[in-house]
1. For residue 31 and residue 82, what does the FRET efficiency come to when R0 = 22 Å and r is the distance between their Cβ atoms, rounded to the nearest 0.05?
2. Residue 49 versus residue 62, label points 7 Å from Cα toward the beta carbon: distance in nm?
3. Multiply the residue separation of residue 42 and residue 72 by 0.36 nm, subtract the distance between their alpha-carbon atoms, and state the gained length in nm to one decimal.
4. Taking H placed 1.01 Å from N in the peptide plane, check which residues at least 5 places from residue 46 or on another chain put their amide H under 5 Å from its amide H.
5. Relative contact order of segment 14-78, please, whole-number percent, based on alpha carbon pairs below 8 angstrom and at least 6 residues apart.
Amino acid sequence: MAAIPSESHPQPRRWTRLLTRDVAASVAIAVMWIAVTVTALWGPDIISNSATSYTRLPSAIVVAFFACLATRWVAKYGLGPRDTDTR
């Protein structure tokens, strides 16, 4: 009997994996800031009433604060240096 060589699937190129990671991180950051923009345009306000004062705060400020934190995290781990391990 003759041995039939098994077909091996080629490994994706390293630059393709890196590009995919960069694109995914960039899209995630863009979507976060689009959410902030949508909240600023059509989102509700945070209203606080007391006996002597009335405060109105756009909710986009709170959303922007958390988007800023998330952007830093995604940029650090999604766009930061990569491990050189080629498993």
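1. So, using R0 = 22 Å, E works out to roughly 0.45.
2. Calculated label separation equals 1.8 nm.
3. Here the answer is 8.3 nm.
4. Distant-sequence amide H within range of residue 46: 57, 59.
5. 38
Values in this text are rule-based calculations from the coordinates and carry no lab data. What you are looking at is a predicted structure, and each value in this text was computed from that prediction instead of being measured. Cβ: placed from backbone, ideal geometry, glycine included. Neighbour counts: every protein chain shown.
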